[in-house]
Amino acid sequence: MNFHFRCFVPFFVDDLPDLNQENTEDLYHVPDVIQKLNPAYRYPQWFEEDSIYNIYEKDFNKIIAYENKNHKQVFPRIVSAFSIYNKTDGFLSCLKSRNAPVDNLDDIASNLNELIMDIAKNCYGAGSGSNITEDEYKDLEILYAMGHDYSVDFVKTIPVFLDEYIQMRNNFDFEISYKTDFLDKYIKEFYYCKGYYGSKHFYDDKAEYEEICGKQFKGGIKAIDNSSDQEILSHEEVLQRWDKKINILKRFIMSQDLPAYYTFGGWFDPLSPQAQNLEINPKDYIYLKSEVEELEIRKPWLSKGTIESDDDNQQSLDGKERKKFGQLKREKEKWDASIKAAVTIGIFCQKQKKKMTRKEIWDKIYKADPNIHNTTIEKIWKAIPKQYRTTGGRPKKSEEK
């Protein structure tokens, strides 16, 4: 077990009775072979100064009495290298002192949002219990979110969130109850949007995320191993759903719009060097129903009785060409919308006689074009000279967007 328990976590206490802390070499401390936990961000100086690392023997009873009375930890604790403190103690770096966040909340919002989303994404439903149901978890806007995708309410809640963490982290049972007693309510407050999963909003976020981070697949051998018989579709079953010809299915495979899988497991990559000289036949692969349904939401014309839209009618192009054409088309649309929005904001700011908040800029852009991507709005916001803008987060997307 030495591999798992070679770290310790310190605790600070601001109301502990005076300790002796005599100047002697005989102070008790965690053995040197046990290293202090290394959270995502370094512990701030105020925390280090108020934490007890070396303890005089005569103070033991005083500290034990304090711990038992307040149900709070004071002595350093040896923990697993996978302890939740390894993640959550990164929150402490947001505080320049015990009771004060940094001057500009906007400066820490992105990092804090990234930390919370990372915890929520990483097998949050496993291990220690959570009050968030499976259906609620699916409707959390975290899977395809970026650190800068935070709301105005998120920024306003930062001081309360950090203060509560400071109060909770010393609890005896924090490693067990950190979800139900602390994180659950904030994760739901920040990211829950009923009906989000599988909605147009969800797939728009997915497309935007994939433009930045690359195509995301549920695929691989695990996708097949973890799928029920009802989840796996043959090419015939897919075409029956659409009442379309097989060449359309082939096009979606080649453009990576629909992952295809080998019958023995594993995703078929149409752009791999090995696939370049192959004659692709959709009959040779199987498909996941959930991914077919996703494609149907993004391509409504696949429904029976409808015809292909002009946007998708690129039969003269091969897979690579269609993919490139689609990318260029989307880039042009985004570019045109960005220029229009930037001009609108430039005129708007010129007429104002005060610093603009992020919310005011967001609202103005949203009214001009509600489909502009978050990354574009962020670039426009940061392009405004600092003397003309103030702090604040971005509004949370509504369910209708």
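How many of the residues in the stretch 164-188 are touching a residue at least 60 places away in the same chain (Cβ under 8 Å) and open to solvent by 70 Å² or more (accessible area, probe 1.4 Å)?
2
Looking at (1) under 30 Å from S93 (Cα atoms); (2) open to solvent by less than 60 Å² (accessible area, probe 1.4 Å); (3) in contact with a Lys or Arg (Cβ under 9 Å, 6 or more places away or on another chain), which one does G198 not meet, given that it meets all the others?
(1)
Got at least one residue in the stretch 100-109 being open to solvent by less than 80 Å² (accessible area, probe 1.4 Å), closer than 25 Å to S130 by Cα and within 35 Å of the chain's Cα centre (by Cα)?
Yes - at least one qualifying residue is present in the stretch 100-109.
Note down all Cβ pairs under 9 Å where the first residue falls in the stretch 254-276 and is without any contact (Cβ under 8 Å) to a residue 12 or more places away in the chain, the second is open to solvent by less than 20 Å² (accessible area, probe 1.4 Å) and of a type in the set (A, V, I, L, M), and they're at least six residues apart or on different chains.
Final answer for the pair search is D269/A275.
Give just the number: which of (1) touching a residue at least 12 places away in the same chain (Cβ under 8 Å); (2) in a helix (DSSP H, G or I); (3) surrounded by 14 or more Cβ atoms within 10 Å (Cβ to Cβ) does I212 not satisfy?
The single condition I212 does not satisfy is (3).
Pull up the stretch 297-308, narrow it to residues that are of a type in the set (D, E, K, R) and over 15 Å from D204 (Cβ atoms), then point me to the one that is least open to solvent (accessible area, probe 1.4 Å).
It comes out as E308.
When you scan the stretch 295-305, do you find a residue that is touching a residue at least 60 places away in the same chain (Cβ under 8 Å) and of a type in the set (G, A, S), even just one?
yes
If I filter the stretch 41-61 down to residues being assigned to a helix (DSSP H, G or I) and touching a Leu at 6+ places or on another chain (Cβ under 7 Å), which single residue comes out as farthest from G90 (Cα to Cα)?
D59
Against the condition at pLDDT below 85, in contact with a Cys (Cβ under 6 Å, 6 or more places away or on another chain) and either closer than 21 Å to D173 by Cα or assigned to a helix (DSSP H, G or I) (or both), how does A126 come out, does it pass?
The answer is no for A126.
Here are some conditions: (1) closer than 30 Å to I377 by Cβ; (2) in contact with a helix residue (DSSP H, G or I) (Cβ under 7 Å, 6 or more places away or on another chain); (3) open to solvent by 70 Å² or more (accessible area, probe 1.4 Å); (4) not polar (S, T, N, Q). K283 meets all but one. Which one does it not meet?
K283 satisfies every listed condition except (1).
Quick one: which of N99, N86, N104 is within 23 Å of D15 (Cβ to Cβ) and either small (G, A, S) or out of contact with any Phe, Trp or Tyr (no Cβ under 7 Å at 6 or more places or on another chain) (or both)?
N99
Restricting attention to the stretch 77-121, report how many residues are in contact (Cβ under 8 Å) with a residue 12 or more places away in the chain and not in a helix (DSSP H, G or I).
Of the residues in that region, 15 qualify.
Mind listing whichever residues of the stretch 62-76 are open to solvent by 60 Å² or more (accessible area, probe 1.4 Å), in a helix (DSSP H, G or I) and either closer than 20 Å to Q35 by Cα or in contact (Cβ under 8 Å) with a residue 12 or more places away in the chain (or both)?
K62
Can you tell me which condition V79 does not meet? The list is (1) open to solvent by less than 60 Å² (accessible area, probe 1.4 Å); (2) closer than 19 Å to A120 by Cα, and all the others hold.
Only one criterion in (1) open to solvent by less than 60 Å² (accessible area, probe 1.4 Å); (2) closer than 19 Å to A120 by Cα is unmet by V79, namely (2).
Quick check on the stretch 229-252. Is at least one of its residues surrounded by 15 or more Cβ atoms within 10 Å (Cβ to Cβ), out of contact with any His (no Cβ under 9 Å at 6 or more places or on another chain) and free of Cβ contacts under 8 Å to residues at least 24 places away in the same chain?
yes
The values are calculated or read from the model by the stated rules, or taken from the named source; none is laboratory data. Worth saying up front: this structure is predicted, and the values here are computed from it rather than measured. Neighbour counts run over all protein chains shown; Cβ positions are idealised from the backbone, glycine included. The area values use the complete protein model at the heavy-atom level, side chains included, leaving out ligands, DNA and RNA. Shrake-Rupley method; radii C 1.70, N 1.55, O 1.52, S 1.80 Å.
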